[in-house]
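Notes for the one structure printed next.
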Amino acid sequence: MALLALTWEWPTTFIYIVATIAIGVAAHLVVSTLIRRSTARMRRMAAEPEGTLAFRAAAAIGRSTGAKPGRTVVHTTAIARLLRSVWSFTLVIIVLLLILSYLGVPLSPFLASAGIGGVVLAFGAQSLIKDYLSGIAMIVEDQYGVGDQINVGEVTGTVEDISLRITKLRDVQGMIWYVRNGEILRVGNVSQGYSTGLIDVPVAYDADLTLVTEVLNSVVTEVSEDNDITELLLEPPRLLGVESITPTTVTMRILIKTPANKHFALVRDIRERAMAALSAAGVQGPAVLPYSPYSPG
């Protein structure tokens, strides 16, 4: 089998190769800079007061790319990362093909062989292709973005990075999880739209529920009139009433609705206020049953 003969004309071939690489690097820098600056500009526009022309323009651009309301920045950032990845891959392929053509390599047989090899490789790398296609779909559909808190089955955490193949999550214990996009069958996202917080307040089984209701209603009213808290509420808190009953405990439930991921601190604060108010009103907490080990016969 004859060896492939390369064409090399000094210094013409060398100049062409160097010029192609230089143009490729320059094009990469220009496009990457444009994408980065466009993303930064979008962040600034979305940060403008609601109702301004810049804010409305950012919202319109977000809707055109499939972003859900209020998620223009997150979705734009994810799209920008996708564009950079696709652009880098495409540019590298173009530069390599041009260099091969300068060296006299016939591209038609090469492309035909690459096509056949690609088909063979596709059968052996179906999971990898599945990861990439799933990554593209999740980014375009705005299923989640960097900074979102999501549940993907066995793992719940905050999204720290998204690539076409891998989603990186950090859980509440600080552990980093690398989840393949093709293995994500369902996504629960608590960072889109709004969040709800449920505050369960336990009292003794024989407590006066009329008094308990009055005390908790006063707590809810106090929270609704606290300016520091109302800024984080989408609607006034509500006392839902009795949630559950056990032989020793009656559990009352309060519901709050906040912007996405803003409910955690409020839940703790309202729970502390409720327990303090009940204690001041003389309402007893749940009784602890004495321990009685089982004695057969």
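Each value in this text was obtained by applying a stated rule to the coordinates, not by laboratory testing. Owing to the predicted nature of the structure, the values given are computational and were not obtained by experimental measurement. No Cβ is skipped: glycine too gets one built from the backbone with ideal geometry, and neighbour counts run over all protein chains shown.
Structure notes:
- Close amide H pairs (under 5 Å, H built 1.01 Å from N) link Ala260 with Ser195, residues at least 5 positions away or on another chain.
- Volume of the convex hull of the stretch 140-189 (Cα atoms only), normalised per residue: 71 Å³.
- For peptides 23-29, 242-248, 135-141, sequence by mean Cβ density within 10 Å, most packed first: 135-141, 23-29, 242-248
- With the Kirkwood sum run over all distinct C-alpha pairs, the stretch 12-105 has a hydrodynamic radius of 15.3 Å.
- Label-point separation in nm, Ser163 to Arg36, each point 7 Å along Cα→Cβ: 1.9
- Contact order normalised by residue count of the chain, Cα under 8 Å, 6+ apart, percent: 13
- The chain shape via C-alpha gyration tensor axes, a/c threshold 1.5: prolate
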